[in-house]
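One structure is given below, encoded as structure tokens.
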Amino acid sequence: MKTAAAEVLVEIEGKIGVVTINRPQALNALSIAVMDAVSEALGGFDRDPSIHAMVLAGLPKAFAAGADIGEMKGIAGGAAAEKQLARHLSNWDRIGNLKKPLVAAVSGFALGGGCELAMACDMIVASETAVFGQPEVLIGVIPGAGGTQRLTKVVGKALSMEMNLTGRKLTAREALSYGLVNKVVPVESFLSEAKKLAHTIAAQPPLAVQAAKASVLAAVDSKLSEGLSFERQSFFRLFDTQDQKEGMTAFSEKRKPVWTGK
Ligand code: DAK
């Protein structure tokens, strides 16, 4: 049996941190140990000043086929379920609260918790074989990590209802047409394309990138008036940074800016 460490691979490539879920024998099912290791690795990158963007990848056959059903099936009812899943929940919250941008590299199954994990990332690069769905209803539950919320905000009520109430799955092309993913690429290049996007983001001034991420999330999470006010405050705060001065001066001087992250 593999250890959780071998089931989650961590690497650094320049200014990006890459975390890969590697549990092929269970189609990358998200056990508590796997989620512990994923949130630990991403949290570490989020705190590391040399890392500017992150990629969360699965394997070609599966991003993740859901939370580990074997682990979940023994959970007792009521308050006990909440208590036993508390650790799981804190991992999900930690990933949802990351400050640096996170790109999901999705190929194959992204079902249940797998779809929720992809949607908790900021952008999704999908391979042509990617399949997205919330099939929890088929095993007697509903999504527990954002599948009814994030999916509805992206694809709208009608399709989200259909997916959550019938288990209907979306192909990669359908997901692209509904705005769930950023791009669809051949399976051979889903990881390299996700890394490319992360490198492009990592080349931008990090404080502005993080402010933009927080502002976009504020748009998703709040009413328009609250989102606009959040965006305005973040915008003004960037005028206290050296990168704002450097960016605008470099533009005037017709040269490439040199970002310091200060
Ligand atoms: N959990 C555990 N094992 C899984 C799994 C899963 N979700 N999905 C697949 N596997 C395992 C299979 O048991 C099988 O193992 P062996 O029998 O070989 O030992 C192996 O992976 C290969 O699977 P199959 O033989 O089934 O492969 P097929 O190609 O025939 O089918 C499939 C692939 C993806 C269609 C099928 O495996 C499938 O339907 N899987 C289950 C999909 C599913 O229902 N996913 C949703 C699970 S519920 C929460 C956070 C998250 C969640 C809840 C709460 N909180 C923070 C509170 C999330 C819940 C869920 O995701």
*asked:* Connecting C-alpha atoms closer than 10 Å in a GNM of the chain, tell me which of 212, 194, 126 has the biggest fluctuation.
replied: 212
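Calculate the translational D of the chain in whole µm² s⁻¹ from Stokes-Einstein, where the hydrodynamic radius comes from the Kirkwood formula applied to all Cα pairs, the temperature is 10 °C and the viscosity 1.306 mPa s. Mind dumping the intermediate values first?
On the way: Rh = 19.2 Å.
In µm²/s, the coefficient rounds to 83.
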*Roughly how many nanometres apart are two label points built 7 Å out from the Cα toward the Cβ at residue 36 and residue 246?*
4.0 nm
*222 nm [θ] for the chain, helices only, -39500 (n - 2.57) per DSSP H run of 4+, per residue, to 500?*
-14000 deg cm²/dmol
*Given the pairs 15/213; 153/183; 15/254; 157/223; 61/169; 100/195, which span a C-alpha to C-alpha distance of over 23 angstrom in this model?*
15/254
*Give the share of C-alpha pairs in each 5 angstrom bin for segment 86-181, from 0 to the last occupied bin, in whole percents, shortest bins first.*
3, 14, 26, 27, 18, 10, 2, 0
*Between residue 166 and residue 15, 0.36 nm times their residue separation minus their Cα-Cα distance comes to what?*
50.2 nm
*asked:* What number comes out for accessible area per residue over segment 113-257 if the probe is 1.4 Å? Units Å², please.
replied: 55 Å²
*Along Cα→Cβ, 7 Å out, is where each label goes; now give me the distance between the ones at residue 97 and residue 84 in nm to one decimal.*
2.6 nm
*Please report, in debye to the nearest 20, how large the charge dipole of the chain is about its Cα centre when each Lys and Arg carries +1 at its beta carbon and each Asp and Glu carries -1 there.*
440 debye
*asked:* Just to verify a number: FRET efficiency for residue 196 and residue 256, C-beta to C-beta distance, R0 = 22 Å, to 0.05?
replied: 0.70
*Between segment 62-123 and segment 171-240, what's the alpha-carbon centroid distance in Å?*
20 Å
_Theoretical FRET efficiency, 1/(1+(r/R0)^6), r = Cβ-Cβ of residue 149 and residue 177, R0 30 Å, to 0.05_ = 0.90
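The values are calculated or read from the model by the stated rules, or taken from the named source; none is laboratory data. Note that the structure is predicted; figures quoted are calculated from it, not measured. A quick note on method: Cβ atoms are made from the backbone with ideal geometry, for glycine too, and the neighbour counts reach across all protein chains shown. Areas reflect the complete protein model, heavy atoms only, side chains present, ligands, DNA and RNA absent. Shrake-Rupley method; radii C 1.70, N 1.55, O 1.52, S 1.80 Å.
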